[in-house]
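A.B. asks: First, the structure itself, so that you have it in front of you.
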Amino acid sequence: MPHPLLPKYIQSAPTCATMSKPLSDHERRKQISVRGLAGVENVTDLKQNFNRHLHFTLVKDRNVATRRDYYFALAHTVRDHLIGRWIRTQQHYYEKDPKRVYYISLEFYMGRSLQNTMVNLALENACDEATYQLGLDMEELEDMEEDAGLGNGGLGRLAACFLDSMASLGLAAYGYGIRYEFGIFNQKIVNGWQVEEADDWLRYGNPWEKARPEYMRPVHFYGRTEHQPGGVKWVDTQVVLALPYDTPIPGYRNNVVNTMRLWSAKAPCEFNLKDFNVGGYIQAVLDRNLAENISRVLYPNDNFFEGKELRLKQEYFVVSATLQDIIRRFKVSKFGSREIARTDFSKLPDKVAIQLNDTHPAMAIPELMRVLVDEEKLTWENAWDICVRTCAYTNHTVLPEALERWPVDLFAHLLPRHLEIVYEINRRHLEKVAAKYPGDNDRLCRMSLIEEGGQKRINMAHLCIVGSHAVNGVAQIHSDILKATIFKDFYEMEPHKFQNKTNGITPRRWLVMCNPGLAEVIAERIGEDFIRNLNQLRELLKFVNDEAFIRDVAKVKQENKLKFAVHLEEHYKVKINPNSMFDVQVKRIHEYKRQLLNCLHIITYYNRIKKEPNKQWTPRTIMIGGKAAPGYHSAKMIIRLITAIGEVINNDPVVGDRLKVIFLENYRVTLAEKIIPAADLSEQISTAGTEASGTGNMKFMLNGALTIGTMDGANVEMAEEAGEENLFIFGMRVDDVDALDKRGYHAEEYYNRLPELKQAIDQIAGGFFSPKQPDLFKEIVNMLMHHDRFKVFADYEDYIKCQEKVNALYKNPKEWTKKVIYNIAGCGKFSSDRTIAQYAREIWGMEPTHEKLPAPDDKQ
């Protein structure tokens, strides 16, 4: 039955009046111009190459080929279009010898590559037509691709968006990281609990990577140092080889293809064999695994530091291999030449920029010093000047438990030479501090790279600040907090180092690819150029009162919701009301992100419906998704609470389909691409001052959801760009949180004063949502009542009131959609193209370009 709150134009959305039957998926996709042209020669070529790969690469014919074989044939066919551009781009860099930027990150959360490559090469319609003519469904083939889940959340996905933008802006850029054999675990929900499964993403092979054994590099660990008249030698080390795998990164329709190089650990042939015992040969070969474990698995912690030796090995491994590569490339200047052309390292900062994505690659600073001083024989002073001018550091969090502080003992054992170098960096640094602030011993202690106390530790953030020429936060409020709190002393001493670079997202993946319907509706009004320059979305303000545009935007949203509802039914066996508000909170499960505040609203709304079942309630489907770190007990309990609340509410006949609660299992890039275009309401409800930026918030905004959120991270700038009246802002600001800290936060006061809050907490505590285990959630209740660092109750009342405003507006689809348009029009700032252009100009000393490289088939 049509929903009474939705105008007829939405209810009739999926059919087309001029045709006798609805368009097939293939026919609908064909009409979307942002997907490129399907020329006849193009389609014929693609079909030929597809069949060639099926035959010669996969060694199959159509009688025995599986759907996965067809995916691989298509992937190789599309990859063929990258190769010429890739080789040409790298050739172009050798000839022009531009400054290069090296983005070093322990995480690159890439997701799938096939559709993104087709979008950036304008091949989507041609491939769709070719597969269709071959009797295949392209979406089914796309679904065979494994996500490259080499990241935990925001930090890793940001790195992936940055690679896309760097290529699209014609920068000579390289992403360097680790080729984890196992990425972020797959999450299964079993009896309401999270269960982790290994992510064997390489099981069937990866068509996008090319191994480069000719560029294998040795990485050293352990050993000892010898101080000789000729300098310092690091000796008796254990060697692990770093084997690079290259993945092409295509820019958006500019024929640029950059490289992401991920290192895999390999034991050298002589590993454990030089000190062989009789009969020890088999064991020595088996022990090769120990060396190769370095690149086995991604640590699944988000915003949490776990000081394990294997993790420090990973951090040094990526840094050592990458710096060897950087220096080799710096020394060889002309294409095809292996001779050393450049030996003057004073020019390194003119040709190389190194960006450290958080402190995880901080070892780049002492390692660059070791190479320059010990191997290239520069003076300390010259080496240090080069190092600082080359390196820059991005901070991603102010949470104290996330800051990396490595025990000195572990360092001494694993990297003895680097410990000496860190001590020398610190000695000279503290001399400068003492000269500027004579007699201020407290400041010396606070600013030291070495934290004294029980166990001596190295503060990696301090190392990064001292060893870099630029330090940036990732949203304005976050950068301001850094300068005022954790890095205050450093800011006072060297204010010129501190910058802001508000995060962004790539509009290619997060609009054109995941929401082609919306991209098309926008392109019909303002042309296609917004895909390269997202600021052009401002032009949509002209259409904010245009009935046809309002109708089109609403229609696309309704289609996306219907599509996601079908997906939910297929994969989760749950039926939902597609006319309900899709209220979505998807992100890592963490106390600071306050999924618990969302839970309290759900319970309150449920209690209100139960109390007045005959009232006209705004129907909602509340979806929460995200992974908890396997060792984070509280986060796993939060998942269990969400699933328990869902079990009760979803089976209550009084509520019916007016309220449904769904935990979205195994949230990852590919699921984000499905849910975000279908969302109506985006939950961004962290305690003010805790979420450095957030990027999911931007994805929802660009895809036509409205935001309910605190003034935290990039929410602040989103409100500035779209108008605060077009977001649902609630709760304490940073100053209020600080004031509450000074007064003291007492949860009982809110519990006693707010009857609906008390009822909700009593239900959780009393086993209403866990009748078989009444005290299942007592730890959660105890935390909320007695030691809640993130002050959930303090924002409860305002959050509930704000959610009432959301309900009221949703009952007026036209006004709701107008706010959606204001939000989309305000998204320009949140393109990662803008972010990267600022990094390039303000940190790296490089200039972005929109010039196209010649296509590989252009004769020059």
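A.B. asks: Could you tell me whether Arg329 is surrounded by fewer than 19 Cβ atoms within 10 Å (Cβ to Cβ), more than 21 Å from Cys464 (Cα to Cα) and not aromatic (Phe, Trp, Tyr)?
C.D. replies: In short, yes.
A.B. asks: Identify, from the list Asn258, Asn289, Asn293, Asn206, the residue that is part of a helix (DSSP H, G or I), of a type outside the set (Val, Ile, Thr) and in contact with a strand residue (DSSP E or B) (Cβ under 9 Å, 6 or more places away or on another chain).
C.D. replies: Sole residue among the options that is part of a helix (DSSP H, G or I), of a type outside the set (Val, Ile, Thr) and in contact with a strand residue (DSSP E or B) (Cβ under 9 Å, 6 or more places away or on another chain): Asn293.
A.B. asks: Give just the number: which of (1) among the charged types (D, E, K, R); (2) over 24 Å from Pro250 (Cβ atoms); (3) buried (at least 16 other Cβ atoms within 10 Å of the Cβ) does Arg67 not satisfy?
C.D. replies: Condition not satisfied by Arg67: (3).
A.B. asks: Among the residues of segment 697-726, which ones are in a loop (DSSP other than H, G, I, E, B) and either crowded, with 24+ Cβ neighbours inside 10 Å or on the phi > 0 side of the Ramachandran plot (or both)?
C.D. replies: Answer for segment 697-726, where residues must be in a loop (DSSP other than H, G, I, E, B) and either crowded, with 24+ Cβ neighbours inside 10 Å or on the phi > 0 side of the Ramachandran plot (or both): Asn703, Gly704, Ala705, Thr710, Asp712, Gly713, Ala714, Gly723.
A.B. asks: Of the residues that sit in segment 727-750 and are free of Cβ contacts under 8 Å to residues at least 60 places away in the same chain and under 30 Å from the mean Cα position of the chain (by Cα), which one is surrounded by the fewest Cβ atoms within 10 Å (Cβ to Cβ)?
C.D. replies: So the residue we want is Asp735.
A.B. asks: Checking His26 against (1) modelled with pLDDT of 95 or more; (2) open to solvent by less than 50 Å² (accessible area, probe 1.4 Å), which test does it fail?
C.D. replies: In the conditions (1) modelled with pLDDT of 95 or more; (2) open to solvent by less than 50 Å² (accessible area, probe 1.4 Å), His26 misses (1) alone.
A.B. asks: Would you check which residues across segment 176-205 are more than 17 Å from Asn293 (Cα to Cα) and under 22 Å from the mean Cα position of the chain (by Cα) and list them?
C.D. replies: Result: Tyr176, Asn186, Gln187, Lys188, Gln194, Glu196, Glu197.
A.B. asks: State whether the residues of segment 784-791 include one that is assigned to a helix (DSSP H, G or I) and surrounded by fewer than 21 Cβ atoms within 10 Å (Cβ to Cβ).
C.D. replies: The answer is yes, given that some residue of segment 784-791 is assigned to a helix (DSSP H, G or I) and surrounded by fewer than 21 Cβ atoms within 10 Å (Cβ to Cβ).
A.B. asks: Given the criterion of a type in the set (A, V, I, L, M, F, W, C) and either open to solvent by less than 20 Å² (accessible area, probe 1.4 Å) or under 25 Å from Asn503 (Cα atoms) (or both), identify the matching residue among Leu415, Leu410.
C.D. replies: Matching residue, one of Leu415, Leu410: Leu415.
A.B. asks: Show me the helices (runs of 4 or more DSSP H) found entirely inside segment 306-418 where at least 2 residues are farther than 30 Å from Ala629 by Cβ and either at pLDDT below 95 or of a type in the set (Val, Ile, Thr) (or both).
C.D. replies: 309-331, 380-390
A.B. asks: Of all residues in segment 427-470, count the ones that are touching a helix residue (DSSP H, G or I) at 6+ places or on another chain (Cβ under 8 Å) and either open to solvent by less than 20 Å² (accessible area, probe 1.4 Å) or of a type in the set (Val, Ile, Thr) (or both).
C.D. replies: Result for segment 427-470: 15.
A.B. asks: If you don't mind, another one. Out of (1) in a helix (DSSP H, G or I); (2) open to solvent by 40 Å² or more (accessible area, probe 1.4 Å), the odd one out for Ile421 is which?
C.D. replies: In the conditions (1) in a helix (DSSP H, G or I); (2) open to solvent by 40 Å² or more (accessible area, probe 1.4 Å), Ile421 misses (2) alone.
A.B. asks: Does any residue of segment 751-763 turn out to be surrounded by 21 or more Cβ atoms within 10 Å (Cβ to Cβ), in a loop (DSSP other than H, G, I, E, B) and either of a type outside the set (D, E, K, R) or at positive phi (or both)?
C.D. replies: No, the conditions are met nowhere in segment 751-763.
A.B. asks: Is there any pair with a first residue in segment 486-498 that is open to solvent by 60 Å² or more (accessible area, probe 1.4 Å) and a second that is among the charged types (D, E, K, R) whose Cβ atoms are under 7 Å apart and which are 6 or more apart or on different chains, and what are they?
C.D. replies: If the second residue must be among the charged types (D, E, K, R), the pairs left are Tyr491/Lys483.
A.B. asks: Could you list, in sequence order, all residues of segment 158-176 that are in a helix (DSSP H, G or I) and of a type in the set (A, V, I, L, M, F, W, C)?
C.D. replies: Leu158, Ala159, Ala160, Cys161, Phe162, Leu163, Met166, Ala167
The values are calculated or read from the model by the stated rules, or taken from the named source; none is laboratory data. Computed from a prediction, not measured in an experiment: that's the story for all the values here. Backbone-built Cβ (ideal geometry, glycine too); neighbour counts: all protein chains shown. Side chains included, ligands, DNA and RNA excluded: accessible areas come from the protein's heavy atoms. Shrake-Rupley method; radii C 1.70, N 1.55, O 1.52, S 1.80 Å.
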